[in-house]
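For reference, the structure discussed in these notes is given below.
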Amino acid sequence: MTKTLIYVSLAIVFIAVVDTFIGGLARQAIICLVFSILLFIGKGDFLIAGYNTASKEEKEQYHTKRIRIVLGTCFLLLAGLTALRDTIGATVMFIAIGIVLVATLILANTWTKK
């Protein structure tokens with residue numbers, strides 16, 4: 001519990017620092033990148049909605065590593081799309097984000113289940 005609190009505190013401090021020095025879409029891209037890294041190294045389970053409040057039986061129905069891979073990849077793609085917004089255009093970015101989110105939902109409800 002204390003490690004999670006430390007990671008959340010560090011994330012909040014990091015977001016505050018990034019917010020102070022960098023604005024707009026770059027800030028959002030960096031935050032998504034940090035979330036992606038936390039998930040890939042296995043320290044970002046607190047970012048998985050509903051997973052912490054699920055019972056042990058519900059948690060056993062899912063592959064935790066696969067959930068981390070799916071959501072980490074989603075955050076990584078969102079970071080890249082957000083960073084490239086000026087290059088690819090806002091319309092293409094929003095369409096691509098929609099595709100990424102739909103693919104994430106599908107994978108999270110199929111591939112991650114045991």
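Quick notes on this structure:
- About its Cα centre, the stretch 36-114 has a charge dipole of approximately 220 debye under the convention of +1 per Lys or Arg Cβ and -1 per Asp or Glu Cβ, with nothing else charged.
- Relative to the longest principal axis of the Cα atoms of the chain, the long axis of helix 64-83 lies at roughly 10 degrees.
- Helix 24-40 vs. the chain, principal-axis angle (Cα, 0 to 90°, nearest 10): 30 degrees
- For Thr87, Thr104, the ranking by accessible surface with the largest value first comes to Thr87, Thr104, using a 1.4 Å probe.
- FRET efficiency estimate (nearest 0.05) - Cβ-Cβ, Glu60 to Arg27, R0 30 angstrom: 0.20
- Extension gain, Ile12 to Phe46: 0.36 nm times the residue separation minus the Cα-Cα distance gives 10.9 nm.
- Between Leu76, Asn109, Ile99, the Cα set farthest toward the positive side of the dipole of the chain (charges on each charged residue's Cβ, about the Cα centre) is that of Asn109.
- Where GluC sites (Glu not before Pro) fall in DSSP loop in the stretch 38-91, at most 12 other Cβ within 10 Å: Glu60
- Seen against the Cα atoms of the chain and their longest principal axis, helix 2-21 is set at about 10 degrees.
- Overall form of the stretch 29-114 per C-alpha gyration tensor (a/c, 1.5; a/b vs b/c): prolate
- Mean ellipticity per residue at 222 nm, deg cm²/dmol - from DSSP H runs of n ≥ 4 across the chain, formula -39500 (n - 2.57): -24500 deg cm²/dmol
The values are calculated or read from the model by the stated rules, or taken from the named source; none is laboratory data. Computed from a predicted model, the values in this text were never measured in an experiment. Note that we place each Cβ from the backbone using ideal geometry, even for glycine, and neighbour counts take in every protein chain shown. All accessible areas refer to the heavy atoms of the entire protein, side chains included, with ligands and DNA or RNA removed. Shrake-Rupley method; radii C 1.70, N 1.55, O 1.52, S 1.80 Å.
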